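What follows is a single structure, written as structure tokens, with notes after it.
The values are calculated or read from the model by the stated rules, or taken from the named source; none is laboratory data. The shown structure was predicted, so the numbers you read here are calculated from the model rather than taken from an experiment. A quick note on method: Cβ atoms are made from the backbone with ideal geometry, for glycine too, and the neighbour counts reach across all protein chains shown. The accessibility values were calculated without ligands, DNA or RNA, using every heavy atom of the protein model including side chains. Shrake-Rupley method; radii C 1.70, N 1.55, O 1.52, S 1.80 Å.
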Amino acid sequence: MISAPSHRQLLSGNKLFLIILLIIGISSCASGKKVSSAAAVEVVSINQSKPKEDSVIKKPVTFDLETEESVTPSKNNTLPINNSTVVKVENELKDRAYNIAVVLPFNLDQVPLGQYADDTTKVLAVDSRNAVEFYLGCQMAKEKFSGKQLVANVYFLDDKNDSAALEHVFTQKPFPAIDYVVGPMSYDQMPIAAALAKKHQIPVISPLVSSVYLKQNPYFFNATPSFRAQYVFLLKQIRKQYPQLPIEVVYDGTDSLAESVDLLKSVIQSEGFSGIGYKSVGATDDVATLMTTADTSSQRIVLLYSNKGAYIKTLVTKLKSIKNPLFIYTSSAAKSVKGLVDTKYPHDVFVAYPYSSGSLNYKIFATLFEEKYERRPTEIAHQAYDIMLHLFNLLDKKQAFPSVVRLQQVDFENTQSGFDFQPVYNKNGGVDYYDNSFMYLLKAENGVMVEVK
């Protein structure tokens, strides 16, 4: 699992007040009737068929859910059906309005308006701050896409980070007329969304968290590469760079809460890798002694298999005394570890990571975002922007989802992420879920992570 990263405090002052006021104001029905907080928060329409129309922010649409009946979603999506074959349920992708639901934990029923005028950051919960950050990234994507021919509506919905509220969202308007769902944002909500996606046959893109335990669900997409995808990526990088060297896998077999090494073994088997050795090393073990060999000059590949930064940090530190030149590869958990290596560390440490801040697009987006909202965007805002642009570009090009075209044709405007969704198959040959295989390889240099070009 990759969770949403920690973030700086959200907007303060007048700009945040206006944004929260907008969200709160559009969550209430004009008639004064009671409206569920799972109702549509806002509808943002992209409709360039009428260039003169101001479609940046459409009139908000809300629903009195007490009068709505449960509905069954239609099957008008472009969906993956048979293994790796992507087929269209409709004969063709027609020129029509596409509907995208973005499900976020705004927690509107917990937002007291009177407390936002001065210092709002003390009141706004982390979930709500992240939801607003994602919302702002979506808005930036809408503005970037102005001038295209796509006709689309984006519905922002409040799931309150609650399972019952999330399930309720799928039974009310604007469902069933939804083509894609983006969200939810939390790990606890993800399996519920996956089950609802399968039940209603609507593709759900999980933006910030991922799982390796979904089964027989070709409607679920990890936008952030899973733990499994990271190690597939690392193994391919190792074999490309060092095709003849054996790989020494080090994992914590004493930690029952760690990802099972059986997952890695199944990946190695399914991907056809060979020359792999395994060594179980606890966090308190003397890994240097366990891995010392008579040959102290040959290059060696060490694959640290862990999703825990503390464990990775401990082993990287202890491996410093090994005389052999080591090439150490590990997961994205190492990215946020402070002081992973120092300037005198003798070995090379590489990390798989889904985001990069090195592109020109990243810098341009950050500048525009800061000018508009008076703060720098977090990875959450970038991820929202990139996901929405990916969808908008695919729909505008009338391409099937997941895309079978090259990333350069779809994600050329993205800031930090690319999206190469690949099926993960089970033993029976069916699709368990789709995983994003697009990642960057980072190297620890002088105490910081640098992208390997």
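At-a-glance table
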{"read-out": "Filtered residue count, the range 193-218, keeping only those that are open to solvent by 40 Å² or more (accessible area, probe 1.4 Å) and either in a helix (DSSP H, G or I) or at negative phi (or both)", "value": "5"}
{"read-out": "Residue identified as in contact (Cβ under 8 Å) with a residue 12 or more places away in the chain, open to solvent by less than 40 Å² (accessible area, probe 1.4 Å), farther than 30 Å from Lys313 by Cβ and assigned to a loop (DSSP other than H, G, I, E, B) among Gly429, Gly418", "value": "Gly429"}
{"read-out": "Test: Asp262 is open to solvent by 50 Å² or more (accessible area, probe 1.4 Å), farther than 30 Å from Asn428 by Cβ and acidic (Asp, Glu)", "value": "no"}
{"read-out": "Any chance Lys372 is modelled with pLDDT under 95 and either among the basic types (Lys, Arg) or surrounded by fewer than 23 Cβ atoms within 10 Å (Cβ to Cβ) (or both)", "value": "yes"}
{"read-out": "Evaluation of Asp386 against (1) of a type in the set (D, E, K, R); (2) in a helix (DSSP H, G or I); (3) closer than 29 Å to Asp127 by Cβ; (4) open to solvent by 10 Å² or more (accessible area, probe 1.4 Å) (one fails), failing number", "value": "(4)"}
{"read-out": "Conditions (1) within 30 Å of Leu303 (Cα to Cα); (2) free of Cβ contacts under 8 Å to residues at least 60 places away in the same chain: number failed by Lys397", "value": "(1)"}
